[in-house]
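Engineer: Here you go, one structure.
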Amino acid sequence: MYRLSTRCVHAGDTRDAQGGLHTPLYNHSTFGFESTQDILDVVEGRRPGNLYTRYGLNPTIRSVEKKLADLEGAAEALAFSSGMAAEAATFLAHCQAGDHMVCIGDVYGGTYELLAANLPRLGITTSFVLGSELDSLESVITEKTRIVFFETPSNPNMEVFDIRAISRLAAAKGAMTVVDNTFASPVNQQPLEHGADLVVHSATKYLGGHSDLTGGVVMGPAELVQPIWGWRKNLGQMMAPEVAFLLARSLRTLVVRVRAQNDTAMAVAGFLESHPAVVQVNYPGLSSFPGHDTARRQMSGFGGMASFVYDGNAKETAAVVDRLRLYAIAASLGGAESLVTQPVTTTHHGIDEAEQQRRGIVGGLVRLSCGLEDKEDLIADLDNALAG
Ligand SMILES: *Cc1c(COP(=O)(O)O)cnc(C)c1O
């Protein structure tokens with residue numbers, strides 16, 4: 001098998017009849033057939049064919065799905081209109097009323113709301129286990145638990161969870177493990193290889209990589225991915241062909257982008273660690289970081305995301321953030337432009353103070369998404385902002 005960069009460029013792509021080097025954009029909502037027998041053959045599954053775009057039966061969408069599956073070492077991938085769409089369809093396809101899920105560590109705000117507020121209305125409940133409470137995991141997984149879900153590294157404290165150990169524990173209890181691999185990207189971490197059953201991504205982040213598309217994907221073995229297909233179809237959560245085309249374009253440069261971002265984040269984390277106004281740096285690549293050993297075992301790079309705690313309260317920290325010139329104040333991550341957020345003012349705003357404290361979301365916490373600018377410029381920007 002080819003290595004990852006080669007597969008990013010070529011997987012899923014077919015040369016078209018005109019000699020075009022990759023799959024063209026078929027923005028069509030539907031496709032024509034020669035005869036009734038012809039359309040029946042596709043509808044009844046005797047042959048694959050392009051039928052209707054909302055079903056995902058569109059060559060541009062199928063092509064990017066092949067590329068995505070290949071990059072995670074999965075048999076199949078399904079593309080969605082967003083990361084949340086991919087997660088929602090995955091949970092709905094694999095859980096029904098009376099079933100239970102376990103969510104480990106901090107997760108994306110939308111994921112938390114889906115699990116804590118939306119799915120309970122359908123009789124699907126979730127137990128939340130913090131990273132500091134992992135010893136209790138075995139007892140929290142019951143015979144009703146269908147899915148154990150987590151992000152690693154997680155948002156915003158970059159907690160690293162042992163994919164193999166957790167997958168084993170879940171499997172022993174009859175539950176499947178779903179990993180949100182958005183922060184790492186398949187360049188740095190391949191959860192299926194470490195025993196996860198399914199992987200989900202917000203393609204809006206590193207996979208898209210340019211802050212100009214919204215998408216999601218789920219990858220895994222056919223028997224676990226196929227049940228999700230019907231939910232995507234009937235909830236109408238399809239990725240648009242235009243987005244699929246743009247995503248395929250972005251994926252061809254995924255490895256070079258992410259490796260540059262790894263390198264920059266490592267340099268930024270090292271700078272922050274040595275800065276007197278910084279009391280803590282969360283970055284899996286630092287040997288001082290608690291998850292470093294696990295990260296070294298399951299990651300081949302440590303990612304472009306880092307967070308740190310400034311020696312000041314929320315207001316003083318906001319002043320540091322406001323002095324940054326290159327890091328733009330914005331939600332999201334993974335693009336060419338470096339971004340900064342202060343979780344208490346954005347992703348974790350409105351969570352009561354005791355809960356924030358319990359989750360290590362302090363006023364001085366700042367999250368950085370390192371982009372593709374020169375690392376020297378980014379470090380100078382931080383140095384200037386921290387100097388006041
Ligand atoms: C952004 C994000 C999501 C949600 O993705 P959308 O594309 O915004 O729906 C899920 N998980 C993580 C880790 C994210 O960063």
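Please treat every number below as a calculation from the coordinates, not as lab data. These numbers come from a predicted model, not from an experiment. Don't worry about glycine lacking a Cβ; one is built from the backbone with ideal geometry, like all the others, and counts go over all protein chains shown.
Engineer: Local charge sum around Ser5 (other residues, Cβ-Cβ under 10 Å, Lys/Arg +1, Asp/Glu -1)?
Structural biologist: Details: positive: Arg3, Arg7, Arg252, Arg259; negative: none.
Charge balance in the 10 Å sphere: +4.
Engineer: Evaluate the distance, in nm, between pseudo-label points positioned 7 Å from the Cα of Leu122 and of Thr14 along their respective Cα→Cβ axes.
Structural biologist: Each label point lies 7 Å from its Cα, and together they span 3.3 nm.
Engineer: Only loop residues by DSSP count here, and only those with at most 16 other Cβ atoms within 10 Å; note down the trypsin sites (Lys or Arg not before Pro) in region 118-160 that meet that. Don't skip to the end; give the middle numbers.
Structural biologist: Values: sites: Arg121, Lys144, Arg146; in loops: Lys144.
Loop-located and lightly packed - Lys144.
Engineer: For helix 241-251, what angle does its Cα long axis make with the longest principal axis of the chain, in degrees from 0 to 90 and rounded to 10?
Structural biologist: 50
Engineer: Quick check: the angle from helix 222-235's long axis to the longest principal axis of the chain, C-alpha only, nearest 10 degrees?
Structural biologist: Taking the Cα atoms of the chain, the angle to 222-235 is about 90 degrees.
Engineer: Taking a ≥ b ≥ c as the square roots of the Cα gyration tensor eigenvalues, with a/c under 1.5 meaning rounded and otherwise prolate when a/b beats b/c, else oblate, which class fits region 1-103?
Structural biologist: On the way: a/c = 2.30, a/b = 1.21, b/c = 1.91.
Cα axes put region 1-103 in the oblate bin.
Engineer: While we're here: For region 288-388, which trypsin sites (Lys or Arg not before Pro) are both in a DSSP coil and crowded by at most 15 other Cβ atoms within 10 Å?
Structural biologist: Numbers: sites: Arg296, Arg297, Lys315, Arg323, Arg325, Arg358, Arg359, Arg367, Lys375; in loops: Arg325, Arg359.
Sparse-neighbourhood loop trypsin sites (Lys or Arg not before Pro): Arg325.
Engineer: What residue among Leu365, Tyr206, Val129 has its Cα farthest toward the positive end of the dipole of the chain, where the charges are +1 on Lys, Arg and -1 on Asp, Glu, each on the Cβ?
Structural biologist: Tyr206
Engineer: Here is a follow-up. Say the cut-off is 23 Å between C-alpha atoms; which of Lys66/Lys233; Lys205/Lys375; Lys67/Lys233 go over it?
Structural biologist: Among Lys66/Lys233; Lys205/Lys375; Lys67/Lys233, the Cα-Cα distance tops 23 Å for no pair.
Engineer: Oh, and also: Leu365's amide H: which non-local residues (gap 5+, or another chain) put their own amide H closer than 5 Å, with H modeled 1.01 Å from N in plane and none for Pro or chain starts?
Structural biologist: Counting only residues 5 or more places away or on other chains, the set is Tyr310.
Engineer: Taking Cα atoms, how many degrees apart are the long axis of helix 314-323 and the longest axis of the chain, rounded to 10 and kept between 0 and 90?
Structural biologist: 70
Engineer: Additional query: How big is the dipole moment of the chain about its Cα centre under a simple scheme where the beta carbon of each Lys and Arg is +1, that of each Asp and Glu is -1, and everything else is neutral? Debye, nearest 20, please. Before the final figure, lay out each step's value.
Structural biologist: Working: 31 positive and 43 negative charges, 160 e Å.
Value, rounded to 20: 760 debye.
Engineer: If you build a Gaussian network model of the chain, linking Cα atoms that sit under 10 Å apart, which residue out of Gln189, Gln18, Gln226 swings the most?
Structural biologist: Maximum among the listed residues: Gln18.
Engineer: Within region 1-109, which GluC sites (Glu not before Pro) sit in a loop by DSSP and count at most 13 neighbouring Cβ atoms inside 10 Å?
Structural biologist: Details: sites: Glu34, Glu44, Glu65, Glu72, Glu76, Glu87; in loops: Glu34, Glu44, Glu72.
Answer in residue order: Glu34, Glu44.
Engineer: What list of whole percents do you get for P(r) of the chain, with Cα-Cα distances grouped in 20 Å bins up to the one holding the largest distance?
Structural biologist: 28, 56, 15, 1
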